[in-house]
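**Q** Quick one: this structure, given as structure tokens, is what I'll be asking you about.
The values are calculated or read from the model by the stated rules, or taken from the named source; none is laboratory data. Here the structure is a predicted model, which is why all the values come from computation and not from measurement. For neighbour counting, all protein chains shown are included, and Cβ atoms are generated from backbone atoms with ideal geometry for every residue, glycine included. Please note that ligands, DNA and RNA were not included when accessible areas were found on the heavy atoms of the full protein model with its side chains. Shrake-Rupley method; radii C 1.70, N 1.55, O 1.52, S 1.80 Å.
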Amino acid sequence: MSGKMTVVEGSYAIAHSVKVCRPNVISAYPITPQTHIVEDLSQFMADGEIPNCEYINVESEFSALSALVGASATGARTYSSTSSQGLELMHEVLFNASGMRLPIVMTVVNRAVSAPISIWNDHQDSISQRDTGWIQLYAENIQEMSDMTAQSFKIAEDKDVMLPAMVCMDGFILSHVFEPVILLEQELTDEFLPTYDPEYVLDTRNPLSFGTFADPSAYTEFRYLQQKGMDVALGKIEKAAEDFKTIFGRYFGGLIEPYMAEDAEILLMAMGSVVGTIKDVIDKARSQGIKVGLIKVRTFRPFPAEVIRSAVSDAAIVVTLDKNISVGLNEGALFTEVKSCLYNSDINVPVMGFMLGHGGRDIPMSTIQMIIDKAAQAIKSGIKVESEYADLRGELL
Amino acid sequence: MSRLAPGHRGCAGCCDAMAANFVLEAVGDDAIVVNPTGCLEVMTTPYPESAWEVPWIHSLFENTASVASGIEAALRALGRKGDTKVIAMGGDGATVDIGILGISGAFERGDDITYVCIDNEAYMNTGVQRSGATPFNASTSTSPPGSQSFGNSRPKKNMPAIILAHGSPYVATTSISYPKDMMRKVKKAVDIEGATYIHAHAPCATGWRFDTSKTVEIGKLAVETALWPLYEIEDGEITSVRKVKKPKPVEEYLKAQGRFKHLFTMEGGKEEISKIQDIANWNVEHYGLL
Amino acid sequence: MKVTIGGAVKPGTTRVNKTGGWRNFRPLYNKDKCVKCGLCSLLCPDSSIQEQEDKYVIFDYDYCKGCGICANECPKDAIEMVLEEK
């Protein structure tokens, strides 16, 4: 990696990335653990470090995203950040922004959702919004998150994508930790990220109406076009990562990042910071001769079905790790969707799912090791339980 | 062409269309309009048509003011503001009820927008349900009269007072029955910097149940009975009031509308009418209408 | 007609929808009584009464819905609502 490293808090690195991406309107409402990002951005604003930018201190997350709908439709590059309850409050507007094809970028600092109330990390917040038509990217560490932020503007604002993007980072684990990071350089970012130049804007010189109502004869085709934008985004996500590597010299993967996966018999799949822990466990396991590998899923929406199918086809078993759950189905989303994308294919690899880390429960290496052991067992004697908690505390029940 | 284009799906005699037309004529073409979900939005923009000749956006039901704030911020950030006015125009439900959070935020921040509430005193688009702006004893589909009820049991929410409490430099009440007065006030509101507010009383023939030709006539009765006072408040001081020399008895206003008919037929109705007269009398006193 | 991404729509396009067919009554204009106050044109919810250069008005029967506000408000009774002949 080239570039000067500084030790900064994860949130600061993200705020810095947003700054050099030259946003025009930032609108956000504070919620733990996103607060440091918006506080840092407020300081940048107060010191005049973000030209051509307005910062709206809104009275709720609903208003935060609504203001960005208006701003984005006017032609501004827009940014917000939130977590958990705030993201849930935005739920209605998420659909609205995607349906209106507004490439708003938002950092979701992943946090568990109430009830019970929890400020600690899991993925329930962003996962519960996976049907809203937003691109969803998940970062493993602060450097990746910082880089991904710039990439997400480029992907979202691409003329053939034009969909809003959620960039997800684990709350506290990444947001409140200090790490050595290479902050994005302004000149390189200007080279990487073109100015936002949308085709349809609110402009008195060329009046248009946005957000008209569509009766049954026209509605479906809008959904179809949103999906088409997602399909195009698959390629754009990979291209953005490649372009970023060319200019900045760093690469964290495209749609997925395989880690020791080529000859893996046991293939773990996960998103977010837990990937770091998994890589350490894999290194240890490999040294003991266990053929285990990882597919880090960077992109959850659009769901990269094709590359996942290619990546898992030679494994003996796939094991997904989910920091979320669909209550009533008793499965995490990654599990459900990976299992589903294999079902009709001729790839006959069994899939096991573990839910863990909910409400910020720590995931030590021993938990990952236990999962690997269970997977090895399942290869021998078949899957007994396809989806379960890896860290349920029986003594509390 | 500063009016709604014809061909929109508004009812014959639609008060919303009239209100929108007066606002558009007062402001001109250099305006961006934000609407919430409601009659005005639905009737003017069935895809792929739009009756709006100015840039227009509809997002959701409750976020009109927030969207307007965002547009205004974007215009400034992009250096495109010029003299462009950002107008948020919403119905009473979208304003005094579900949209009040966003409005409170925009007015607290003093964002440079003008908010026009088109008040036809119920959720008309969804079938005349009661809103916070529905007047005392009015019949709506969710506050119908019956053996246990005379209709809506609460007085009208005083939205201008709420806006005033946010320190808005200009708050005015208007009525579509007094178009020149309304246009004058709208023009004033958009030219004042900061968050300004216009509350427009808008009689709805469909929801209030009267003949479509009587829209303006009914609105005048509301003013002439002192039930809807017309005033301007600038920087916290009342600067103009439309005097009502001899306020008509509220019966004249109430009996002309189907939504108050039950007060004339039910037992105890007379007593309820006198309560409404009390409201009118209070207005005369409080706003100095005589 | 292809849908535009995000559904942005051109201005004034409701004109393709001729609402004149909604009428039961149509306004009959008596130019002799008209004092050119412009009130009817201002009030018309459907922008179907146009002020001419000479300040008299013409009625656009393609769109007029026959609400009768113009007739009810005309200070000189210069407009009369008559049954629409189909």
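**Q** Could you list, in sequence order, the residues of the range C:19-55 that are of a type in the set (Val, Ile, Thr) and surrounded by fewer than 20 Cβ atoms within 10 Å (Cβ to Cβ)? Give the steps one after another, and end with the answer.
**A** As a first pass, look at the range C:19-55 and keep what is of a type in the set (Val, Ile, Thr): C:19, C:35, C:49.
Correct list: C:Val35 only.
**Q** Of the residues A:Ile295, A:Ile278, A:Ile282, A:Ile308, which single one is touching a Pro at 6+ places or on another chain (Cβ under 7 Å) and touching a residue at least 12 places away in the same chain (Cβ under 8 Å)?
**A** Working: A:Ile278 fails: touching a Pro at 6+ places or on another chain (Cβ under 7 Å); A:Ile282 fails: touching a Pro at 6+ places or on another chain (Cβ under 7 Å); A:Ile308 fails: touching a Pro at 6+ places or on another chain (Cβ under 7 Å).
Exactly one of A:Ile295, A:Ile278, A:Ile282, A:Ile308 is touching a Pro at 6+ places or on another chain (Cβ under 7 Å) and touching a residue at least 12 places away in the same chain (Cβ under 8 Å), namely A:Ile295.
**Q** Across the range A:63-97, what is the number of residues that are farther than 24 Å from A:Tyr200 by Cβ and not in a loop (DSSP other than H, G, I, E, B)?
**A** Here is the first cut: in the range A:63-97, the ones farther than 24 Å from A:Tyr200 by Cβ are A:81-89, A:91.
Restricting the remaining residues to those that are not in a loop (DSSP other than H, G, I, E, B) gives A:81-82, A:84-89, A:91.
Of the residues in that region, 9 qualify.
**Q** Identify, from the list B:Ser59, B:Ser2, the residue that is among the polar types (S, T, N, Q), touching a helix residue (DSSP H, G or I) at 6+ places or on another chain (Cβ under 8 Å) and open to solvent by 10 Å² or more (accessible area, probe 1.4 Å).
**A** The conditions single out B:Ser2.
**Q** If you check A:Thr220 against the conditions, is it touching a helix residue (DSSP H, G or I) at 6+ places or on another chain (Cβ under 9 Å) and among the polar types (S, T, N, Q)? Steps first, please.
**A** Values: touching a helix residue (DSSP H, G or I) at 6+ places or on another chain (Cβ under 9 Å): no; among the polar types (S, T, N, Q): yes.
Spelling it out, it is not the case that A:Thr220 is touching a helix residue (DSSP H, G or I) at 6+ places or on another chain (Cβ under 9 Å) and among the polar types (S, T, N, Q).
**Q** Continuing with this model, one more query. Within the set of pairs 6 or more residues apart or between chains, which connect a residue that is under 20 Å from B:Gly269 (Cβ atoms) inside the range B:130-148 to a residue that is assigned to a loop (DSSP other than H, G, I, E, B) and acidic (Asp, Glu) with Cβ atoms less than 8 Å apart?
**A** Close Cβ pairs (under 8 Å, with a partner that is assigned to a loop (DSSP other than H, G, I, E, B) and acidic (Asp, Glu)) amount to B:Thr134/B:Glu121; B:Pro135/B:Glu121; B:Ala138/B:Glu121.
**Q** Something else now. Within the range A:214-224, can you find the residues that are open to solvent by 40 Å² or more (accessible area, probe 1.4 Å) and either among the β-branched types (Val, Ile, Thr) or not in a helix (DSSP H, G or I) (or both)?
**A** Going through the range A:214-224, the residues open to solvent by 40 Å² or more (accessible area, probe 1.4 Å) turn out to be A:215-217, A:219-221, A:223-224.
Across the range A:214-224, the qualifying residues are A:Asp215, A:Pro216, A:Ser217, A:Thr220.
**Q** Looking for whichever is more than 17 Å from B:Pro36 (Cα to Cα), open to solvent by less than 20 Å² (accessible area, probe 1.4 Å) and among the β-branched types (Val, Ile, Thr) here; the options are B:Thr114, B:Thr84, B:Thr64. Which one fits? Working first, answer last.
**A** Numbers: B:Thr114 fails: more than 17 Å from B:Pro36 (Cα to Cα); B:Thr64 fails: more than 17 Å from B:Pro36 (Cα to Cα).
Going through B:Thr114, B:Thr84, B:Thr64 in turn, just one is more than 17 Å from B:Pro36 (Cα to Cα), open to solvent by less than 20 Å² (accessible area, probe 1.4 Å) and among the β-branched types (Val, Ile, Thr): B:Thr84.
**Q** Among the residues of the range C:1-38, what is the count of those that are more than 8 Å from every other protein chain (Cβ to nearest Cβ) and outside any loop (DSSP other than H, G, I, E, B)?
**A** Of the residues in that region, 7 qualify.
**Q** Kindly list, by first and then second residue, each pair from a residue in the range A:65-91 that is in contact (Cβ under 8 Å) with a residue 60 or more places away in the chain and more than 7 Å from chain B (Cβ to nearest Cβ) to a residue that is assigned to a helix (DSSP H, G or I) and surrounded by fewer than 24 Cβ atoms within 10 Å (Cβ to Cβ), limited to pairs with Cβ atoms under 7 Å and residues at least 6 apart or on different chains.
**A** none
**Q** Mind counting the residues in the range A:310-327 that are under 24 Å from A:Gly171 (Cα atoms), open to solvent by 40 Å² or more (accessible area, probe 1.4 Å) and assigned to a loop (DSSP other than H, G, I, E, B)?
**A** Counting residues in the range A:310-327 that are under 24 Å from A:Gly171 (Cα atoms), open to solvent by 40 Å² or more (accessible area, probe 1.4 Å) and assigned to a loop (DSSP other than H, G, I, E, B) gives 1.
**Q** Separate question: Give me the strands (runs of 3 or more DSSP E) completely within the range A:232-309, filtered to those with at least 1 residues that are among the hydroxyl-bearing types (Ser, Thr, Tyr) and touching a strand residue (DSSP E or B) at 6+ places or on another chain (Cβ under 7 Å), ordered by residue number. Please lay out each step first, then the result.
**A** Numbers: elements: A:256-259, A:266-270, A:292-297, A:299-301.
Output list reads A:256-259, A:299-301.
**Q** Out of the residues in the range C:56-76 that are outside any loop (DSSP other than H, G, I, E, B), in contact with a helix residue (DSSP H, G or I) (Cβ under 6 Å, 6 or more places away or on another chain) and not aliphatic (A, V, I, L, M), which is most open to solvent (accessible area, probe 1.4 Å)? Walk me through how you get there before you give the answer.
**A** Filtering the range C:56-76 for residues outside any loop (DSSP other than H, G, I, E, B) gives C:57-59, C:69-73.
Keeping just the survivors that are in contact with a helix residue (DSSP H, G or I) (Cβ under 6 Å, 6 or more places away or on another chain) gives C:57, C:69-70, C:72-73.
Right, trim to not aliphatic (A, V, I, L, M) and you get C:70, C:72-73.
Working: C:Cys70: 17, C:Asn72: 53, C:Glu73: 26 Å².
Here the answer is C:Asn72.
**Q** Out of all the residues in the range A:265-277, is one or more open to solvent by 20 Å² or more (accessible area, probe 1.4 Å) and within 23 Å of A:Asp362 (Cβ to Cβ)? Step through it out loud before you land on a result.
**A** The initial filter retains those residues of the range A:265-277 that are open to solvent by 20 Å² or more (accessible area, probe 1.4 Å), namely A:265, A:276-277.
Keeping just the survivors that are within 23 Å of A:Asp362 (Cβ to Cβ) gives A:276-277.
Looking for residues that are open to solvent by 20 Å² or more (accessible area, probe 1.4 Å) and within 23 Å of A:Asp362 (Cβ to Cβ), one finds at least one in the range A:265-277, hence yes.
**Q** Please state which one of A:Ser27, A:Ser11 is in contact with a Gly (Cβ under 8 Å, 6 or more places away or on another chain), crowded, with 18+ Cβ neighbours inside 10 Å and among the small types (Gly, Ala, Ser). Before you say what the answer is, go through the steps one by one.
**A** On the way: A:Ser11 fails: in contact with a Gly (Cβ under 8 Å, 6 or more places away or on another chain).
The conditions single out A:Ser27.
**Q** Filtering the range A:20-48 down to residues that are facing chain B (nearest Cβ under 8 Å) and in contact with a strand residue (DSSP E or B) (Cβ under 6 Å, 6 or more places away or on another chain), which residue is farthest from A:Leu188 (Cα to Cα)? Let's see the steps before the verdict.
**A** Keep residues of the range A:20-48 that are facing chain B (nearest Cβ under 8 Å), which gives A:24-25, A:27.
Checking which are in contact with a strand residue (DSSP E or B) (Cβ under 6 Å, 6 or more places away or on another chain) leaves us with A:25, A:27.
On the way: A:Val25: 22, A:Ser27: 25 Å.
Step by step, filter the range A:20-48, then rank; the result is A:Ser27.
**Q** Can you tell me which residue is farthest from B:Phe22 (Cα to Cα) among those in the range B:112-130 that are of a type in the set (A, V, I, L, M) and part of a loop (DSSP other than H, G, I, E, B)? Lay out the reasoning, then the answer.
**A** Let us first name the residues in the range B:112-130 that are of a type in the set (A, V, I, L, M), namely B:113, B:116, B:118, B:122, B:124, B:128.
Within this subset, residues satisfying the condition of being part of a loop (DSSP other than H, G, I, E, B) are B:113, B:122, B:124, B:128.
Values: B:Ile113: 17, B:Ala122: 21, B:Met124: 20, B:Val128: 24 Å.
Once the filter is applied, the top-ranked residue is B:Val128.
**Q** May I pose another question? Within the range A:328-346, track down each residue that is among the charged types (D, E, K, R) and open to solvent by less than 20 Å² (accessible area, probe 1.4 Å).
**A** Keep residues of the range A:328-346 that are among the charged types (D, E, K, R), which gives A:331, A:337, A:339, A:346.
Answer for the range A:328-346, where residues must be among the charged types (D, E, K, R) and open to solvent by less than 20 Å² (accessible area, probe 1.4 Å): just A:Glu331.
**Q** How many of the residues in the range B:184-226 are of a type in the set (Ser, Thr, Tyr) and within 14 Å of chain C (Cβ to nearest Cβ)? Steps first, please.
**A** Initial filter on the range B:184-226 (of a type in the set (Ser, Thr, Tyr)): B:196-197, B:206, B:212-213, B:215, B:225.
Those still in the list that are within 14 Å of chain C (Cβ to nearest Cβ) too: B:206, B:212-213, B:215.
Count: 4.
**Q** Go through the residues of the range A:225-248 one by one and say whether even a single one is open to solvent by 60 Å² or more (accessible area, probe 1.4 Å), modelled with pLDDT of 95 or more, under 30 Å from B:Glu53 (Cα atoms) and within 14 Å of chain B (Cβ to nearest Cβ).
**A** no
**Q** Report yes if A:Glu265 is over 30 Å from A:Ile379 (Cβ atoms), modelled with pLDDT of 95 or more and of a type in the set (Asp, Glu), otherwise no. Spell out the reasoning first.
**A** On the way: over 30 Å from A:Ile379 (Cβ atoms): no; modelled with pLDDT of 95 or more: yes; of a type in the set (Asp, Glu): yes.
Answer is no for this residue.
**Q** Would you mind finding the one in A:His123, A:His176 that is in contact with a strand residue (DSSP E or B) (Cβ under 8 Å, 6 or more places away or on another chain) and open to solvent by 10 Å² or more (accessible area, probe 1.4 Å)? Please lay out each step first, then the result.
**A** Numbers: A:His123 fails: open to solvent by 10 Å² or more (accessible area, probe 1.4 Å).
The conditions single out A:His176.
**Q** Within the range A:76-99, which residues are out of contact with any Phe, Trp or Tyr (no Cβ under 7 Å at 6 or more places or on another chain), under 23 Å from B:Ile57 (Cα atoms) and open to solvent by 10 Å² or more (accessible area, probe 1.4 Å)?
**A** A:His91, A:Glu92, A:Phe95, A:Asn96
**Q** Out of the residues in the range C:39-55 that are in a loop (DSSP other than H, G, I, E, B) and under 24 Å from B:Thr44 (Cβ atoms), state the one that is nearest to the chain's Cα centre (by Cα). Please lay out each step first, then the result.
**A** Our first condition is that a residue be in a loop (DSSP other than H, G, I, E, B); within the range C:39-55, this holds for C:44-48, C:52-55.
Narrowing the set further to residues that are under 24 Å from B:Thr44 (Cβ atoms) leaves C:44-48.
Working: C:Cys44: 6, C:Pro45: 7, C:Asp46: 5, C:Ser47: 5, C:Ser48: 2 Å.
The extreme case among them is C:Ser48.
**Q** Taking the criterion of being aromatic (Phe, Trp, Tyr), part of a helix (DSSP H, G or I) and in contact with an Asp or Glu (Cβ under 8 Å, 6 or more places away or on another chain), would at least one residue in the range B:168-183 satisfy it?
**A** Within the range B:168-183 (the criterion being aromatic (Phe, Trp, Tyr), part of a helix (DSSP H, G or I) and in contact with an Asp or Glu (Cβ under 8 Å, 6 or more places away or on another chain)), the answer is no, since none of the residues qualifies.
**Q** Here is a further query. Which condition number in (1) open to solvent by 10 Å² or more (accessible area, probe 1.4 Å); (2) under 16 Å from the mean Cα position of the chain (by Cα); (3) in contact (Cβ under 8 Å) with a residue 12 or more places away in the chain is the one that B:Ala161 fails?
**A** (3)
**Q** Can you run down the residue pairs with Cβ atoms below 7 Å, 6 or more apart or on separate chains, where the first is in the range A:49-60 and within 7 Å of chain B (Cβ to nearest Cβ) and the partner is part of a loop (DSSP other than H, G, I, E, B) and of a type in the set (Phe, Trp, Tyr)?
**A** From the range A:49-60, the pairs are A:Val58/A:Tyr29; A:Ser60/A:Tyr29.
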